[in-house]
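Beneath this line is the structure, given in C-alpha cells, with notes to follow.
The values are calculated or read from the model by the stated rules, or taken from the named source; none is laboratory data. Remember, it's a predicted structure, so these values are computed and weren't measured experimentally. Glycine also receives a Cβ, built like all others from the backbone with ideal geometry; neighbour counts cover every protein chain displayed. The accessibility values were calculated without ligands, DNA or RNA, using every heavy atom of the protein model including side chains. Shrake-Rupley method; radii C 1.70, N 1.55, O 1.52, S 1.80 Å.
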Amino acid sequence: MNQYKSQTLSVVVVTLNNQDSLANCLASAKWADEIIVLDAGSSDNTLKIARHHKATVVYTPFKSSQQQQQEAVALASCHWILLLEPTDVVDEMLRHEIDGILLNTPDHIDGFTVQRELRFMGKAMPILLGNASKHALRLVKNSPVKNAAGLSSPIEAAEKCTTGNTIGKLDRKIISSPYNTLDQLFEAALSFSTRQAFDYLRKKGLPKKPPGWFTLMKKTKAVSWRNFICKGMAFKGTPFLAVAMADILIEYLTWVKVRALFPQKQN
C-alpha cells in the first residue's frame with residue numbers, strides 16, 4: 001500500500017489592525033487551497049484586504065493569542081495547516097519545500113517546525129524586540145490526533161507528541177518584517193517596555209524599594225555592551241544600530257516604569 005499521497009493546505013492568519021503588512025502575507029500564500037483570517041475586531045482596512053485576497057474571514061473577540069490561534073486552526077478544512085502571522089511572507093523556495101511535503105510526507109509525520117527570519121529595513125536580525133529567529137511549530141497535520149493526554153487540537157497533539165520522528169524541520173525560513181520604519185520600531189519598543197514591566201511585576205512582585213538610578217544605568221549598560229560590543233551592531237549599518245538602540249530604550253523604560261509605581265516623596 002502506498003503511504004504517500006497528494007494533500008491540501010490551509011493557511012491560517014490571526015489579525016487585529018494589520019493593514020500595513022497583511023496584503024504581502026496573503027499574496028505570498030495565494031497558492032494555498034484555503035486561506036482563513038480570524039480577526040479580533042480590526043478598525044482599519046484589514047478585513048477589506050483579507051476579502052480582496054479571497055480569504056475566509058471570521059470574527060471572534062480577542063481572548064488570548066493562543067486561543068485565537070486554536071480557534072482559527074479549528075476552522076481549517078484541508079489536510080495540512082500552515083500558521084502565519086500577518087507580518088510573515090512565504091517566499092518561493094519555502095513554497096516549493098511545502099509543496100514537496102504535501103506530495104511526499106509519510107502518514108506518521110504530524111508536523112514541521114519552521115525558522116522565522118526577522119527583518120528590519122530589509123536586513124536579517126538575530127533578535128528583534130525580544131523575538132528571536134528560532135524554529136517553531138508552523139506546519140501541522142489537520143487531524144484529530146489523540147495522544148496520551150487526550151488532546152484533539154492539531155497543534156496541541158503535534159506539540160505534545162514525543163515518540164519517533166513525528167515532528168520534522170523545514171530547511172527554508174518564513175520571512176517576517178513586523179516593523180518597517182523607525183517610527184514603527186520605536187513605537188513598538190515603548191509598548192514592549194510596558195509589557196516587560198508588567199511581566200516582571202507579575203512574576204516577582206513589587207520590589208521592597210524602588211530601583212535606583214544606578215540600577216537603571218547598570219542594566220542599560222549591560223544591554224549596550226551586548227549590542228554594541230559583543231554583537232557589533234553599531235558597525236553594521238543603520239537598521240542594526242536602530243534595533244540596538246531600541247533594545248536599550250526598552251531596558252531603560254522597563255525599570256523607569258517599575259520605579260514609577262512607587263509613591264513619590266513629598267517635599
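Among the residues of the stretch 185-232, those that are loosely packed, with under 11 Cβ neighbours inside 10 Å and modelled with pLDDT of 70 or more comprise R202, K203, K204, G205, K208, K209, F214.
When you look at L47, is it within 19 Å of the chain's Cα centre (by Cα) and aliphatic (A, V, I, L, M), yes or no? Considered against the rule, which asks whether it is within 19 Å of the chain's Cα centre (by Cα) and aliphatic (A, V, I, L, M), L47 comes out as no. Residue count for the stretch 16-60 satisfying the condition of being touching a residue at least 60 places away in the same chain (Cβ under 8 Å) and more than 17 Å from N180 (Cβ to Cβ): 2. When residues of the stretch 102-132 are filtered for being open to solvent by 30 Å² or more (accessible area, probe 1.4 Å), under 21 Å from L182 (Cα atoms) and assigned to a loop (DSSP other than H, G, I, E, B), how many remain? So the answer is 4.
Out of (1) open to solvent by less than 70 Å² (accessible area, probe 1.4 Å); (2) modelled with pLDDT under 95, the odd one out for L94 is which? Of the numbered conditions (1) open to solvent by less than 70 Å² (accessible area, probe 1.4 Å); (2) modelled with pLDDT under 95, the odd one out for L94 is (2). Of the strands (runs of 3 or more DSSP E) lying entirely inside the stretch 3-81, those containing at least 1 residues that are more than 19 Å from L102 (Cβ to Cβ), among the polar types (S, T, N, Q) and open to solvent by less than 90 Å² (accessible area, probe 1.4 Å) span 9-15, 56-59.
Being of a type outside the set (K, R), in contact with an Asp or Glu (Cβ under 9 Å, 6 or more places away or on another chain) and open to solvent by 40 Å² or more (accessible area, probe 1.4 Å) is not true of V89.
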